[in-house]
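The structure under discussion appears below in the form of structure tokens.
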Protein chains: 2
Amino acid sequence: MKIGELARRSGLTAHTIRYYERIGLLPYADRDRSSQRDYDVSILVWIEFLGKLKTTGMPIREMLRYAALRELGSGTGPQRRALLERHREQVRARVAELNACLLVLDTKIDGYADSDKRIDDYDAELFQHRQQSSRARQARPR
Amino acid sequence: MKIGELARRSGLTAHTIRYYERIGLLPYADRDRSSQRDYDVSILVWIEFLGKLKTTGMPIREMLRYAALRELGSGTGPQRRALLERHREQVRARVAELNACLLVLDTKIDGYADSDKRIDDYDAELFQHRQQSSRARQARPR
DNA sequence: CTACGAGTTCGAGCGCGCTCTAAGTCAAGC
DNA sequence: GCTTGACTTAGAGCGCGCTCGAACTCGTAG
């Protein structure tokens, strides 16, 4: 499998695949006679797992630690396990945090639902009060 | 309240507070005789809500849209509500995604738990096979 | 033979959200 | 009257994770 097909099948771009190889997230791929990368389908499993780590917010730096342990082979199981367990705790904490925020959002939305009045108009007036004289000179976020 | 105290009480840095004002996330603050920002405690409520939006992954660009509607005042309730409802859906989707990933993590961790063997050692060997000849020239992520 | 498309390397550039520095002003305490 | 420390502005810089462009090499189809 060449890089184009792997890109299609993995959902990454060829650019990203090469980038991941450069930084060590993907193993250095064997090349064919014309130095083109030739992948085994098994790489897809690894890429998919990396995707889960990424989706759950693991920084690349830590994925690299995991990938390095993996390369070291069979003796590193306990360390890899510990790394994943730590990460799992972080993800659980994140989910709890998001759920807490969802409650706040629900409340806020309910406030708007009250004939689109009361609470929020009050907020808006407060806000506008603070805006009074000022205006002008803005800046855009970059 | 001056910026230093607001920083302490809000958890933001003074730098960040000024940055938020520059881009329009915070209203332009009144200044005292020596051009120092003088805040009303009510700003804390707004900052806290912005914190929830941020925690739930809303990009600044969208917070700005919300802040702008707020400044426009009482007529914009329905639009603000719609914006928050859209966001809430995204957060819910995110939570679902994280929960799905947690299941994968659980499975993977369970795999390591099996006397630290089997599944993962197999993975590791496959990986090492693909690493064979290659090594050398690395690159660090920036 | 040539044109095409898919691959290669190297390194620069980007979007996001801050974060920090420099150079200056001001008010209060010794 | 001088120092100290918190404030001011404008603008540069950073860490992350890609993303893209330039210039090149191949292999195959017409």
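The values are calculated or read from the model by the stated rules, or taken from the named source; none is laboratory data. The structure displayed is predicted, hence computed values, not measured ones. Neighbour counts run over all protein chains shown; Cβ positions are idealised from the backbone, glycine included. Side chains included, ligands, DNA and RNA excluded: accessible areas come from the protein's heavy atoms. Shrake-Rupley method; radii C 1.70, N 1.55, O 1.52, S 1.80 Å.
Worth a mention:
- Flag if A:Arg22 is outside any loop (DSSP other than H, G, I, E, B) and either over 30 Å from B:Asn99 (Cβ atoms) or more than 21 Å from the chain's Cα centre (by Cα) (or both): yes
- Test: B:Ser10 is at pLDDT below 95 and either more than 12 Å from every other protein chain (Cβ to nearest Cβ) or near DNA strand C (Cβ under 8 Å from one of its atoms) (or both): no
- Options B:Leu83, B:Leu126, B:Leu102; residue that is under 23 Å from A:Val45 (Cα atoms) and modelled with pLDDT of 55 or more: B:Leu102
- For segment B:27-76, the tally of residues that are facing chain A (nearest Cβ under 7 Å), open to solvent by 60 Å² or more (accessible area, probe 1.4 Å), in a helix (DSSP H, G or I) and farther than 22 Å from B:Gln90 by Cα stands at 1.
- Where a residue in segment B:28-57 is touching a residue at least 40 places away in the same chain (Cβ under 8 Å) and its partner, wherever it lies, is part of a loop (DSSP other than H, G, I, E, B) and surrounded by fewer than 18 Cβ atoms within 10 Å (Cβ to Cβ), with Cβ under 6 Å and at least six apart: none
- Residue within segment A:17-39 that is among the β-branched types (Val, Ile, Thr), near DNA strand C (Cβ under 9 Å from one of its atoms) and not assigned by TED's automatic domain parsing to the domain that holds A:Arg94 present: yes
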